[in-house]
Amino acid sequence: MKKLLIVVLVLLAPVFLMAQDADVVYYEGRPEIRRDGSRGVELDFGDAVRPGESVVTGRRDFVELDQAGGNLIRISPDTVFTLREVERDGQRETVMSNTVGSVRYRFDALAGRQQRVASGTVVAGVRGTEFTVFAGSDGSSLFGVDTGMITVESAGVEVDLAAGEAVEIAAGEAPGDIVRWLGPALDFSDWEEERIDAFLDDPVVGLERIQRRMRDFMDDQDTAYAVWQESNRELNEIRDEMSRIREAEGEEAYARFRQEVERPATTRAVTNILNYRYFTLSAFSLRRHVLARMYVNMKAQYLNNAEASVFQNYLALHSEVLDEFEERVAPLLVVLDI
Amino acid sequence: MKMKQLVWVLTIIMAAIVITMAGCDMSGSEDSISRSERVDLFASQLANEDFDRLNGNVHPSDRDGGQNAGTVWATELGCTVNGTWTCVDVSVNKSGSPSSIVFSEEGTDYTISFTYRQQGDDYYFKTVSIGGTQFAPPTP
């Protein structure tokens, strides 16, 4: 069903956000960046994608962009992703659009902004944390929700999509029937074997790239974890104060303080836990579904040639990556993760 | 094979099938989890402060891995978190079961309500709301 929808859909789906550049934090293959209609040049880590610029991915390419404020944009193979700047209601906004292919968005839940998504004659309002937009050129769109919930409006009809659900919107039409969303989960289990084989063309270089990716997750995890610790410390102080208010000032003052101060602080702390967990679980998935499969393939490939220097170099680096994982990620995993 | 032997073989096979079938629960419900049992399990985990297992009660297709961490639930339910969590005075009232229960921590009540989704014979939570606001799976 999913494949059918992807094939059928042709769409132009701009996502309106506050004006911001997007930085390349990860890529695979040889994606290109096109500036002001010029010929494409290969992009690199750290490149900034600015309004007026496009990222073009080929069949084996993948790009991940990061925006200040915690927004992540993942550009799938065979996609054209463009940033443009428009004026809406007197304010300059950055428009993210994928004229073909698919893009997965993860917005920082803390930002709490209402996003606007448009496609040809279709205008939709979206609020959510993580969703994917499939796009083609006939103006129709498919919105699929990975986590959280999004609200999609079109032609005056609004539908709520929960995690695991998707809806198709034809140009100028109300949203269609809600269908089960079989889109990508927060994991690497759907990595194709040939993609791993491609890494193994030069296994040490391939593993170094995985290591960089893993370290990105770990660094983001550590940053988000520190943010949570701070919000948790604040929350604990607030709860101490709440207990004091209850004893000194009674139930009414306690209830008011709880509603106005403690609950918002709790929501912030919970959100910050989910933020660091996102990176922890991403690193875990990379280790489980990519590193492990690479290792098995390498062992099989060098079964009768275990002393080969390339294999020994690979093993040394593999061990280094695992050690770092055990030190930085494993302590934050819980029983249900495993 | 003679006719008499064939009859014996068929008889033995039939007997084996009957014995095997008799050992099966044809309703398939022996190990299933009803809505009440799901709430009982959730409530007992709460009462034991086993927060790290709570998210396992959410339907796999609705479950957000981020909420596997018990710290998420403990924080929301008023327990102090310092490395792990500390709940001072926990009690669980299941009088609203299976649609809701009340979790109390240090004199503060949290009404937890559920909607359900079925998988095979098992019921899981589709949503878990705390204090009227959906908590699992998380919303923006």
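The values are calculated or read from the model by the stated rules, or taken from the named source; none is laboratory data. Source: prediction; values computed, not measured. For neighbour counting, all protein chains shown are included, and Cβ atoms are generated from backbone atoms with ideal geometry for every residue, glycine included. Accessible surface is based on the protein model in full, side chains and every heavy atom, while ligands, DNA and RNA are left aside. Shrake-Rupley method; radii C 1.70, N 1.55, O 1.52, S 1.80 Å.
Per-structure values
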read-out: From B:ALA43, B:ALA47, residue being open to solvent by less than 10 Å² (accessible area, probe 1.4 Å), over 18 Å from A:ASN272 (Cα atoms), more than 10 Å from chain A (Cβ to nearest Cβ) and modelled with pLDDT of 90 or more; value: B:ALA43
read-out: Criterion violated by A:TYR254 - all others in (1) more than 14 Å from every other protein chain (Cβ to nearest Cβ); (2) open to solvent by 10 Å² or more (accessible area, probe 1.4 Å); (3) in contact with a Lys or Arg (Cβ under 9 Å, 6 or more places away or on another chain) satisfied; value: (1)
read-out: Boolean, A:ARG59 is open to solvent by 40 Å² or more (accessible area, probe 1.4 Å) and at pLDDT 80 or above; value: no
read-out: Unmet criterion (only one of (1) open to solvent by 60 Å² or more (accessible area, probe 1.4 Å); (2) in contact with a helix residue (DSSP H, G or I) (Cβ under 9 Å, 6 or more places away or on another chain)) for B:PHE114; value: (1)
read-out: Filtered residue count, region B:54-111, keeping only those that are in contact (Cβ under 8 Å) with a residue 24 or more places away in the chain, of a type in the set (S, T, N, Q) and away from every other protein chain (no Cβ under 11 Å); value: 2
read-out: Pair list, Cβ < 6 Å and 6+ apart or interchain, from region A:226-241 residues that are closer than 28 Å to A:ARG328 by Cα to residues that are not aliphatic (A, V, I, L, M); value: A:VAL227/A:ASN272; A:TRP228/A:ASN272; A:TRP228/A:TYR276; A:SER231/A:ARG268; A:SER231/A:ASN272; A:ASN236/B:THR80
